[in-house]
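Structure, as structure tokens:
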Amino acid sequence: MLETRELRIGNIIYLNGKKSVVGSDEIAFIGKCHLLGINCETTPIKITEETLKGIGFEFEFENMTNRVYAKEGIKLLFHPTEGIALYSHGNKIGKNFFYIHQLQNLWFCLLGKELTNLL
């Protein structure tokens, strides 16, 4: 179950089995579920290579352990079991991650804009 502190309005998650865009109503609902101990089935959506291509990342190259994708100066090193490492200007930003909402949050923090074409 996702914590509300991990989410921003506009994040894409599975909410009760359905792919959903998080809005203020969803954040309030998830918060109430947590407070009341009710399982509202909030599940993150795992990033795949198809997802990356669908949101405009282009494949650049492959090395022994990673496939590298890039968009707008951001590089993602995709490793199927260790997660995704994000690089900006040659520097690794944060820790490895696996989920769409994490990429959305990092993208917004770095570039000040939303990722599009996520649904």
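The values are calculated or read from the model by the stated rules, or taken from the named source; none is laboratory data. All values reported here derive from a predicted model rather than from experimental measurement. Counting neighbours? That spans all protein chains shown, and the Cβs are built from the backbone with ideal geometry, glycine included.
Among the strands (runs of 3 or more DSSP E) confined to the range 1-111, the ones with at least 2 residues that are surrounded by 16 or more Cβ atoms within 10 Å (Cβ to Cβ) are located at 12-15, 67-71, 74-79, 83-88. Which of the residues belonging to the range 57-83 are closer than 16 Å to residue 104 by Cβ and either β-branched (Val, Ile, Thr) or more than 14 Å from the chain's Cα centre (by Cα) (or both)? Once the filter is applied, which keeps residues that are closer than 16 Å to residue 104 by Cβ and either β-branched (Val, Ile, Thr) or more than 14 Å from the chain's Cα centre (by Cα) (or both), the range 57-83 yields 69, 71, 72, 74. Return yes when residue 38 is of a type outside the set (Lys, Arg) and in contact (Cβ under 8 Å) with a residue 12 or more places away in the chain and no when it is not. Spelling it out, it is not the case that residue 38 is of a type outside the set (Lys, Arg) and in contact (Cβ under 8 Å) with a residue 12 or more places away in the chain. Could you list, in sequence order, the residues of the range 73-93 that are out of contact with any Ser or Thr (no Cβ under 9 Å at 6 or more places or on another chain) and on the phi > 0 side of the Ramachandran plot? Within the range 73-93, 83, 89, 90 qualify.
The set of residues from the range 1-15 being modelled with pLDDT under 90 and of a type in the set (S, T, N, Q) comprises just one member, 4. Within the range 79-103, residues that are among the charged types (D, E, K, R) have Cβ atoms under 8 Å from residues that are modelled with pLDDT of 95 or more in these pairs: 82/96; 92/85; 92/86, counting only partners at least 6 apart in sequence or on another chain.
Contact map, the range 4-21: first residue of a type in the set (Asp, Glu), second residue surrounded by fewer than 13 Cβ atoms within 10 Å (Cβ to Cβ) and part of a helix (DSSP H, G or I), Cβ cut-off under 7 Å, separation 6 or more or different chains; the map is empty.
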